[in-house]
1. May I ask for the Rg/Rh ratio of region 524-570, computed from Cα atoms with Rh as the Kirkwood radius, given to two decimals?
2. Checking the a/c ratio against 1.5 first, then a/b against b/c, what shape does the Cα gyration tensor give for region 243-295?
3. Just order 439-449, 348-358 by mean Cβ neighbour count inside 10 Å, highest at the front, would you?
4. How do the peptides 300-306, 236-242 rank, highest first, by the average count of neighbouring beta carbon atoms within 10 Å per residue?
5. Arrange the peptides 530-538, 397-405 so that the one whose residues have, on average, the most other Cβ atoms within 10 Å appears first.
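Just so it is clear, none of the values below were taken in a lab; they were calculated from the coordinates. Values in this document were obtained by computation on a predicted structure and should not be read as measured data. Because the Cβ atoms are built from the backbone with ideal geometry, glycine has one as well, and the counts that use them run over all protein chains shown.
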Amino acid sequence: MAGTSPSSSTAPTSKRKNDQNNLRITPLGCGPTIPVSRGPTVGQRTSTPGKWRANGRPSIKDARIIYCDIIGQNRAHDNSTEPTSGSDMSGERLDVPGPTLEDCCHPLSIYGDYPAWVSTTIRNTASMNAMSLAKDGHGVRPYLQIVWSTPYDDIHESIYDINWLKRFQYDDASRLQHRRRTEVQPLNAIRRVGPPSGYSMPVSKSSLSSSSPVEEMLLPEHGADGLVHLNYHSIIGEEGSIRKEGLFQLLHSVFRDGAAIVSGTPMSHSSENPHVSQVCRRLETAEEDELPVSKVARAMSGGSLSHGSLYGNTFHVRVGERHSNNVAYTSSALCPHQDLAYYESPPGIQLLHCAAMGRGVSGGESTLIDAMAAAHRLREIRPESFDCLVRCPATFVKQRDGACMTYRRPHIVLAEDGGEGGGGEGTSRFDGEIVAVYWSPPFEGPVCLPPGQVDRYYEAYADFERMLNGDSDTANGTDNHDELSRYAHEFTWEHKLNPGEMLVFNNRRMLHGRCGFSAPDDASFDESQRHLVGCYTNIDDTLNSYRVLLREKRLATSILNVGNGTTIIP
């Protein structure tokens, strides 16, 4: 039973007989008196490992499997049933991360198919063998019941959701299985032609046995350009309300593929709005909350925009923008990059609404490439370059009038899981799970490295840049250098946005860029305009919105790492 410990949902044995027929399961770690209606400490740990150690290590006095009838939070208890007779505990070893300390079980037990605060009624164990968990959310669920004895002869009882325990096993085999579900690989990456090659692979079977895989739902198919397209009004209602189903589909597409497109966005050049100058003027004079890009972003993040101090909460990307101080406000090509990599916590999601794309504009295609998938491939074909980019920090800078920002970090960040590499014995720390990539060539400053590391760093940098930018002269070669270039050729998504399309992508995972563009000298204003409106959201707020919707829908799926420097906790 390594890994289990007394929780704050413990109760003295003296209460056991009174409560045995009608047992309330509350979140582990939130106190024995918290009611089903959720008290102020739900989801919080109310004691610490240090307190447990001071009081002495308890021992297991009794342990058994009990079966509870899941009846939901708002249904009444059935008090007519007989108490369970108990059963011998399985010999399976269940490991939970963290110290085996009293009152410090993780409140993550509330996440999943059945939140741990649901009311339950213990059923007769003998009758459970023939029963199965019902699809409608009601049925039988096994729990591990442990009676603890402390050095002070205190008796405490703990209840553990067995599926939760299994989900948090952390032996080498379990960690490797988890990594295979969460690490972004090339099969998860969008491509030049077609959707990600692995998007249709079966969703991993969650231990939440009655949950439905997300892919069993009717989700939009990928478009001809390889991304999912959703209509704006499926996310934002005519009156400005948020439509949860469309919002879920957008969040799921972005966190699965890295990007999606919202079409039919208002305030765009169209047959109903034929004059580009009028569309631009309307966008310029509209209040921030009236802008379609702001409405979608706030829906995704739970209500707020982020990173507005340098360019504003919303910004206009067009040639000749007033007070512009970024190459994006020119017609030049932009190499693949992340925005605001000089922040400690760069933006999570970026949204770019194409309000106008004049008929005379030649070029200007938007590009995306999955940086985390590229790093995964770099490790396979150039491991020494990968190792160097993990070890050597780059310097990201923003220096101009009104801005003086710097931040040093490696280009590739691996998970810190307490082991050498996440793959068991004999693995290097450079075999660890990729949890972040930082790449922004226009905003990189002096390399602050020992002289002996500088040349190797630049060689590694050149290898990764070749993967991300490509080299059209050698893309059909056969050696490793050309294999790097071929990766960019295969996995660079390129699409010229149409008016009314909004590109939504994960700025932590995807690098974005642009092809250079021009218009004839004699083109009119309407014919020569390329006008995008953008904004950012925080990665953690947006991921939270997605996970809450998953929980509300009781859907089981593995979430790929989002690039925020940590692995996804199931």
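1. Values: Rg = 17.7 Å, Rh = 13.8 Å.
Reported Rg/Rh (Cα atoms, Kirkwood Rh): 1.28.
2. Numbers: a/c = 2.79, a/b = 2.06, b/c = 1.35.
The shape class here is prolate.
3. Values: 439-449: 16.3, 348-358: 25.5.
The peptides rank, most packed first, as 348-358, 439-449.
4. Values: 300-306: 18.4, 236-242: 11.3.
Result, highest mean Cβ count within 10 Å first: 300-306, 236-242.
5. Values: 530-538: 24.0, 397-405: 12.9.
Final packing ranking: 530-538, 397-405.
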